[in-house]
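One structure below.
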Amino acid sequence: MRFAMSRGRLRIGLRVFRQGRDIQVLCHGGAAHLGAVALAVPSPDRAGDGAEVQAQLLVAPGHREDAIALGMARRMAAELRCAVCVSAGIHYNDITREEIRQVEAMAQALTERCLISLKKDASCSR
């Protein structure tokens, strides 16, 4: 599955892969690279409530995609009740604070769009 959103010069894309029951997401924009990787897994002792997840994060030195990767992985793992790994690499030269806010908003919107699609796809395949 692929999802994308643009605002001005900014374009954020998601590529989503099923890994059995789990999900792998590649979040990208601008110059291609890997800046952060987050893995979130629903806590086994909280089965059914969908809110509690355990998460780990790896960030390349000097990169700032950690909040996007971690937020996306946590949200999707909590909602889908499966392990979710998000690899994020977003780089635009001379990005402004406002553009950073736009990138964050687009990443959140794409996460929600992806969740809707994955839930619909799961209900059709049962």
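The values are calculated or read from the model by the stated rules, or taken from the named source; none is laboratory data. Keep in mind that this is a model prediction, so the values were computed, not measured. Here the Cβ is made from the backbone with ideal geometry for all residues, glycine too, and neighbour counts use every protein chain on show.
Looking only at the stretch 47-64, decide whether some residue is of a type in the set (G, A, S), in contact with a strand residue (DSSP E or B) (Cβ under 6 Å, 6 or more places away or on another chain) and outside any helix (DSSP H, G or I).
Scanning the stretch 47-64, I find at least one residue that is of a type in the set (G, A, S), in contact with a strand residue (DSSP E or B) (Cβ under 6 Å, 6 or more places away or on another chain) and outside any helix (DSSP H, G or I), so the answer is yes.
Which one of these is without any contact (Cβ under 8 Å) to a residue 60 or more places away in the chain, within 18 Å of L118 (Cα to Cα) and over 15 Å from the mean Cα position of the chain (by Cα): P42, P61?
Of P42, P61, the one residue that is without any contact (Cβ under 8 Å) to a residue 60 or more places away in the chain, within 18 Å of L118 (Cα to Cα) and over 15 Å from the mean Cα position of the chain (by Cα) is P42.
For the stretch 92-109, state whether one or more residues are within 10 Å of the chain's Cα centre (by Cα) and buried (at least 21 other Cβ atoms within 10 Å of the Cβ).
Yes, the stretch 92-109 contains at least one residue that is within 10 Å of the chain's Cα centre (by Cα) and buried (at least 21 other Cβ atoms within 10 Å of the Cβ).
Specify which of the listed residues (R113, R126, R64) is among the basic types (K, R) and modelled with pLDDT of 95 or more.
R113
Which residues, taken from the stretch 71-91, are farther than 19 Å from Q19 by Cα and within 8 Å of the chain's Cα centre (by Cα)?
Here is the first cut: in the stretch 71-91, the residues farther than 19 Å from Q19 by Cα are 71, 89-91.
Listed by number, the list holds a single entry, G71.
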